[in-house]
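For reference, the structure is listed below as structure tokens.
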Amino acid sequence: MAINKLMRAALKALSYADIDYKLERDVKKLKSKNPINGLHIDLTKIIQRDGRRVPVAIYYPENAISNEVILFFHGGGWVSGDVESYAATCNLFGEITGRRVVSVDYALAPEFPFPHALEDCYTVAKELFLGDFFEAKPSDIILSGDSAGGNLAAAVSLMARDRGEFKINKQILIYPAVYNDHTENSPFDSVRTNGTDYLLTSKKVDEYMDMYAADPLDKYNPYFAPYISKDLSNQPDTLIITAEFDPLRDEGEAYGEKLKQFGNYAESHRISDGLHGFFSLPYTYGQVRQTYKIINEFLDRNKEKGHGCQ
């Protein structure tokens, strides 16, 4: 659906509210109370990290076509969102791909700033790759996340390489936040062209990052902003989805190009007329259907190492 003049005006009017992360959490919790038809979910799995609970939700598609498992990290600017507010998104993810989905209820900032969320996500990933979570081979586990969750997926991949505890083969990053500056000083044009009138503003992105950072110096840590890493070698095969009218568009696409420069397989797809957050819309939206078509092609492709990059 194209963005017409009336819709543009409405988006512009809604784009300047200040962030109230507690209100965001309350609104998402209210939305999550709506029942989801056909939901196949297990909320009983609890993982421990440093004496603290890290709950996960497991979604079982009605018609599974693969033993693969998608480990999903939700968006919300690191400050809002949970497995309940993302239940419909994860359920659809499982049904359309035919794969089990594991959604992580990681700790939220500002109460739990960087690197708490990242370490929670890494702990769950390690449990999947090395534990008896599922009867799934490590090669069958795919990392994924949207927005802040895309940031966390990319950071977990870097951390897994650096710690050497397990190897990730595939990741899906949906309009990820991978850079640390969304002011006018940003090298990415979409921060300026899409940074004011499309719901998620560049100013809001920086405010989210300020809440996520425990210290201003955290923003210069590659686990905080993966794009700034000086070494992106030995990363998973990567699918990046970006949205046309998203301030994060260009940094996501640039991350894909930088991954390729370090010898990795990476492909990026820009969704026309897409706004940040569109992945959580119902399947009836054309942008959502297009995205799942791209995701399924990426998942189903039997790629050989050394095949080259796109």
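Quick note: the coordinates plus some simple rules give every number you see, no bench work behind them. These figures come from a predicted structure and were not determined experimentally. Here the Cβ is made from the backbone with ideal geometry for all residues, glycine too, and neighbour counts use every protein chain on show.
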Which of 269, 182 has the fewest Cβ neighbours within 10 Å, and the rest in rising order: 269, 182
Approximate spin-label separation residue 301-residue 52, in nm, with each point projected 7 Å along Cα-to-Cβ: 3.8 nm
Nearest-20 debye value, the range 172-310 charge dipole, Cβ charges on Lys, Arg, Asp, Glu: 420 debye
Compactness of the range 155-195 as Cα Rg over 2.2 N^0.38 Å, two decimals: 1.61
Among 183-194, 203-214, the order from most to least packed when residues are scored by Cβ within 10 Å on average: 203-214, 183-194
Global geometry of the range 130-169, whether rounded, prolate or oblate, following the gyration tensor of its Cα atoms and the 1.5 cut on a/c: oblate
Stokes-Einstein D (µm²/s) once Rh is taken as the Kirkwood radius of the range 67-119 over alpha-carbon pairs, at 10 °C in 1.306 mPa s: 136 µm²/s
Computed over the range 86-145: relative contact order in percent, which uses C-alpha pairs under 8 Å that are six or more apart: 17 percent
Extension gain, residue 193 back to residue 130 (0.36 nm per residue minus Cα-Cα distance, nm): 18.3 nm
Spatially proximal aspartates and glutamates relative to residue 260 (Cα-Cα < 17 Å; intrachain offsets below 8 disregarded): 231, 237, 250, 251, 304
Order of 201, 291 - criterion: other Cβ atoms within 10 Å of each residue's Cβ, fewest first: 201, 291
Karplus-derived 3J(HN,Hα), 6.51/-1.76/1.60, for each residue of the range 280-288, Hz, glycine and proline x: 8, 6, x, 5, 5, 6, x, 5, 5
Paramagnetic label zone (point 7 Å from Cα along Cα-to-C-beta, residue 137; backbone N under 11 Å) in the range 153-175: none
Gain in span if fully extended, residue 214 to residue 165, counting 0.36 nm per residue against the direct Cα distance: 15.0 nm
Three-way shape call for the range 193-310 based on the alpha-carbon gyration tensor, with the a/c threshold at 1.5: oblate
